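Asks: Have a look at the structure that comes next, please.
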Amino acid sequence: MVASPHTDKFAACLRMLKERSGRGYDRLGKEAGVSGSSLHRYCSGLGVPADYRVVHSFAKVCGASAEELRELHRLWALADTDRDASAGTAKEDPASEREAAAEKGGRSDAEAGPADGPAATTAAAGAADTAAEPGSRQGAAPADAGAGADDVVPLEIELGAARRPGRSRMPEKLSPRFAVLAAVVAVLLVAGFVWLPGGRSADGSPTAEDGLLYSPACRTVSMGQHDECVREVQNLLVAAKGRLAVDGDFGPETLRRLTAFQVLAGLPASNVVDETTKKALYARKVSMSTWSPVRVAERIRQVFTEDPASAVAVARCASFLDPLWVLPNTNGSRNWGVFQISDGRLRELGGTPLRAFDPEWNIKAAHRLWSAQHDFHDWPSCEAALKDEPKG
């Protein structure tokens, strides 16, 4: 039984991939590291996996493209966190996913280091408003017509409103003395607007004091919102050289870029646009400019001299070669950067989320993990999907 439109769309996307592959549930499950019966439940809309890695592995063995993976992640995130789902649909028990991973030789979330693929955006990773979306996109992303919150009408200042009944009118003619006094008052008001702080900056851009985010309607901006407040956040992130679509939808793509911005600005990764984040966005002092995918792939080949093609394929699977890629796990931790190094692994390697966003450090840290056993066991799903990845 389909629990919600989001679950329905997610299941339909899985069925499309399955049918296109021409393979059965058991065979696909064996290759993806999950039972065939679980795949059947997901494709039927009777369950939503708690860990996105299962979905990612399934999609990879079905030959999904990078854009299809991004869209599938968006659909999974919305289905996973849909708070209005009926009792007929339940999330899959994470224990069943760990059991399936064990059959494949994988490890549990608590043991596994960095999660592979675009790891899941889940309720445990965010505040109560978390709802989550697909990977980062270089261009425009399709807006989700049913993404959660109702559309909010943009703030408008009603100028020239109709005169209220019974309100007295100004006299048709003013005395010269009154006219002079009115002119003086007008000049003083204009001067006040020009010189008082909180106007426009030297380049004409809005400052923190007069920005839309400081209006009552934007008191909180978080996951699941769809309004002009979100659009303002997205525009400010783009101004900071962040790569994301400006569509007014606060989904996982916006959450990823917001988290990256907060880390780069030295702020707590709070998953919401709080007061300190608003100030940092309007200050325009943080740059999210980073390496291109081409440069990332070239550097990976230089570091992973032992198996450069596989290393590039794993990184592409994990982050689409995006140095600022960040996604949360089901256990509340996050994965960071090109090789999606988890919080636990960062501590072992003496790193931080900020260091993990440095592609040079991230690639060399991943090579240290690879060197332990000379394989990609820290990225189990991506390792299994290597044969489906374009090499080089």
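Asks: Tell me which residues, restricted to segment 252-294, are in a loop (DSSP other than H, G, I, E, B) and not small (Gly, Ala, Ser).
Replies: Leu267, Pro268, Asn271, Val272, Val273, Asp274, Arg284, Lys285, Val286, Met288, Thr290, Trp291
Asks: How many residues, within segment 295-326, are in a helix (DSSP H, G or I) and farther than 29 Å from Phe58 by Cβ?
Replies: 5
Asks: Okay, next question. Give just the number: which of (1) open to solvent by less than 30 Å² (accessible area, probe 1.4 Å); (2) modelled with pLDDT under 95; (3) more than 16 Å from the chain's Cα centre (by Cα) does Pro252 not satisfy?
Replies: Every listed condition holds for Pro252 apart from (3).
Asks: Exactly one of these conditions fails for Arg23: (1) open to solvent by 30 Å² or more (accessible area, probe 1.4 Å); (2) part of a helix (DSSP H, G or I); (3) not polar (S, T, N, Q). Give me its number.
Replies: For Arg23, the failing item is (2).
Asks: Which one of these does Ala366 not meet: (1) aliphatic (A, V, I, L, M); (2) within 13 Å of Thr290 (Cβ to Cβ); (3) touching a strand residue (DSSP E or B) at 6+ places or on another chain (Cβ under 9 Å)?
Replies: Failed condition: (2).
Asks: Only residues in segment 270-296 that are farther than 17 Å from Val221 by Cβ count as the first member; pair them with residues that are surrounded by 18 or more Cβ atoms within 10 Å (Cβ to Cβ) and of a type in the set (Ser, Thr, Tyr), Cβ under 9 angstrom, at least 6 apart or cross-chain, and list the lot.
Replies: Hits for this filter: Val296/Thr290; Val296/Ser319.
Asks: Right, next: Only residues in segment 38-52 that are open to solvent by less than 40 Å² (accessible area, probe 1.4 Å) count as the first member; pair them with residues that are outside any loop (DSSP other than H, G, I, E, B) and among the basic types (Lys, Arg), Cβ under 8 angstrom, at least 6 apart or cross-chain, and list the lot.
Replies: That search, which allows pairs on different chains as well, returns Leu39/Lys18; Cys43/Arg15; Cys43/Lys18; Gly47/Arg41; Gly47/Lys91; Val48/Lys91; Pro49/Lys91; Ala50/Lys91.
Asks: Looking only at segment 321-370, which residues are within 19 Å of the chain's Cα centre (by Cα) and open to solvent by 30 Å² or more (accessible area, probe 1.4 Å)?
Replies: Listed by number, the residues that qualify are Thr330, Asn331, Gly332, Arg334, Asp343, Pro353, Leu354, Asp358.
Asks: Given the conditions (1) in contact with a Cys (Cβ under 8 Å, 6 or more places away or on another chain); (2) surrounded by fewer than 24 Cβ atoms within 10 Å (Cβ to Cβ), and given that Lys60 satisfies all but one, which numbered condition is not satisfied?
Replies: If we test Lys60 against (1) in contact with a Cys (Cβ under 8 Å, 6 or more places away or on another chain); (2) surrounded by fewer than 24 Cβ atoms within 10 Å (Cβ to Cβ), just (2) comes out false.
Asks: Go through segment 216-250 and give me each residue that's of a type in the set (S, T, N, Q) and touching a residue at least 40 places away in the same chain (Cβ under 8 Å).
Replies: Of everything in segment 216-250, those that are of a type in the set (S, T, N, Q) and touching a residue at least 40 places away in the same chain (Cβ under 8 Å) turn out to be Thr220, Ser222, Gln225.
Asks: Has segment 214-234 got at least one residue that is exposed (fewer than 15 other Cβ atoms within 10 Å of the Cβ), among the polar types (S, T, N, Q) and either within 26 Å of Ser292 (Cα to Cα) or modelled with pLDDT of 50 or more (or both)?
Replies: Yes, that holds for at least one residue.
Asks: For residues that are of a type in the set (S, T, N, Q) and open to solvent by 50 Å² or more (accessible area, probe 1.4 Å), tally how many sit in segment 297-315.
Replies: 2
Asks: Related question: Lys9 passes all but one of (1) touching a residue at least 40 places away in the same chain (Cβ under 8 Å); (2) open to solvent by 40 Å² or more (accessible area, probe 1.4 Å); (3) in a loop (DSSP other than H, G, I, E, B); (4) not aromatic (Phe, Trp, Tyr); which number fails?
Replies: (3)
The values are calculated or read from the model by the stated rules, or taken from the named source; none is laboratory data. Being a predicted model, the structure only gives us computed values, none of them experimental. Glycine also receives a Cβ, built like all others from the backbone with ideal geometry; neighbour counts cover every protein chain displayed. Side chains included, ligands, DNA and RNA excluded: accessible areas come from the protein's heavy atoms. Shrake-Rupley method; radii C 1.70, N 1.55, O 1.52, S 1.80 Å.
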